[in-house]
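The values are calculated or read from the model by the stated rules, or taken from the named source; none is laboratory data. Fair warning: this is a prediction, and the values are worked out from it, not measured in the lab. Counting neighbours? That spans all protein chains shown, and the Cβs are built from the backbone with ideal geometry, glycine included. Protein only, heavy atoms only, side chains kept; ligands, DNA and RNA dropped before computing areas. Shrake-Rupley method; radii C 1.70, N 1.55, O 1.52, S 1.80 Å.
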Amino acid sequence: MAILKGNIEFTGSIGNLSAYKMRGSEKTILRTKGGADKKKILKSPSFKLTRENFTEFSGCAKLAGCIRRSMLVMAPLADYNYTPFLSSLAKTIQTLDLESKRGERKILLSKHRNLLTGFSLNKKTSFESIVRHPVTCQIDRNSVKAIIQLPELMPGVNLITGKQYPLFRFIVNLACVADPAFGLKGYFIQEPESSHIYTNWYHSSQLFNAMELIVQLKDSTTLKDNKTLILSLGLQMGMPLSDSVINPVKYAGCARIMAVG
């Protein structure tokens, strides 16, 4: 991968080069086209390690995509493309499987779910830089629900939202993600379940009173051991369009995974 510099700016293809933009970066990325012959990669013994890497990467990508989809409600609060970082976390989990053979290593999120705690959807403005007070979270696997205790927040003291947007609200999301499984066609994973709630809108210059928020999955059946509950919390900024209509501002808030269980 290369970065385009100078006064020439373009996206698309020219000859053997492709140029494209990535969210979270103002730079233009360059890459070359082509590579080894597809049939050779699929059949040749010399590409055995490559095939194993491809297969294992697909499992990591599927888990990352599943986690991303499980908290889509938080996507408008992110300020960078966080999916590759979820893939990297999945790869870290995959390398902890020392029993399965290469190309079939398991990605046991349920055994290493603590690695997700604190994952941030923001690089420029973290949740902790806005809400400067501990938030208490509790996950109950038996009832498949989560409880969040939001503290009293005083503007300019432990609530720093800035002056650009006058309103804010909290978003809570609880998701259930299963471990990927390996079969004859490679890795596969169940679609995630999720449930979320929004608070009312609050003015950024007024005291926010402490409150308790409870979110529960619709399917309250007993969770299997291979499933992980992921609790995320976001703060979304808003702009009033009229006395009764408030427009959520994209990429102006923040969100993080608060707890797993």
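Results for (1) farther than 24 Å from Leu115 by Cβ; (2) in a loop (DSSP other than H, G, I, E, B); (3) basic (Lys, Arg), shown as yes or no for each residue.
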residue	(1), (2), (3)
Lys163	yes, yes, yes
Ser195	no, no, no
Ser205	yes, yes, no
Leu233	no, no, no
Ser242	yes, yes, no
Tyr251	yes, yes, no
Ala259	no, no, no
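Here is a yes/no grid of residues against (1) open to solvent by 20 Å² or more (accessible area, probe 1.4 Å); (2) over 24 Å from the mean Cα position of the chain (by Cα); (3) modelled with pLDDT of 95 or more:
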{"site": "Lys163", "(1), (2), (3)": "yes, yes, no"}
{"site": "Val177", "(1), (2), (3)": "no, no, yes"}
{"site": "Ser195", "(1), (2), (3)": "yes, no, yes"}
{"site": "Tyr202", "(1), (2), (3)": "yes, yes, yes"}
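Taken as a whole, the condition of being among the aliphatic types (A, V, I, L, M) and part of a loop (DSSP other than H, G, I, E, B) does not apply to Leu229.
Before we move on, is Lys224 within 22 Å of the chain's Cα centre (by Cα) and either charged (D, E, K, R) or open to solvent by 50 Å² or more (accessible area, probe 1.4 Å) (or both)? Against the criterion (within 22 Å of the chain's Cα centre (by Cα) and either charged (D, E, K, R) or open to solvent by 50 Å² or more (accessible area, probe 1.4 Å) (or both)), Lys224 does not qualify.
In a loop (DSSP other than H, G, I, E, B), out of contact with any strand residue (DSSP E or B) (no Cβ under 6 Å at 6 or more places or on another chain), touching a residue at least 24 places away in the same chain (Cβ under 8 Å) and within 26 Å of Leu213 (Cβ to Cβ), is that true of Lys124? Considered against the rule, which asks whether it is in a loop (DSSP other than H, G, I, E, B), out of contact with any strand residue (DSSP E or B) (no Cβ under 6 Å at 6 or more places or on another chain), touching a residue at least 24 places away in the same chain (Cβ under 8 Å) and within 26 Å of Leu213 (Cβ to Cβ), Lys124 comes out as yes. Could you check, for segment 100-116, whether at least one of its residues is in contact with a Leu (Cβ under 7 Å, 6 or more places away or on another chain), without any contact (Cβ under 8 Å) to a residue 24 or more places away in the chain and not in a helix (DSSP H, G or I)? Yes, segment 100-116 contains at least one residue that is in contact with a Leu (Cβ under 7 Å, 6 or more places away or on another chain), without any contact (Cβ under 8 Å) to a residue 24 or more places away in the chain and not in a helix (DSSP H, G or I). Looking at segment 87-95, is at least one residue β-branched (Val, Ile, Thr), in contact with a Gly (Cβ under 8 Å, 6 or more places away or on another chain), without any contact (Cβ under 8 Å) to a residue 24 or more places away in the chain and under 19 Å from Cys66 (Cα atoms)? The answer is no; no qualifying residue exists. For Leu159, the conditions (1) modelled with pLDDT of 95 or more; (2) of a type in the set (A, V, I, L, M); (3) within 26 Å of Thr221 (Cα to Cα) all hold with the exception of (3). The residue list Lys91, Lys111, Lys124, Lys101 contains one member that is over 24 Å from Asp219 (Cβ atoms), open to solvent by 60 Å² or more (accessible area, probe 1.4 Å), at pLDDT 95 or above and basic (Lys, Arg), which is Lys91. Ser143 falls short on exactly one of the conditions (1) without any contact (Cβ under 8 Å) to a residue 60 or more places away in the chain; (2) more than 29 Å from Asn247 (Cβ to Cβ); (3) not aromatic (Phe, Trp, Tyr), and that condition is (1).
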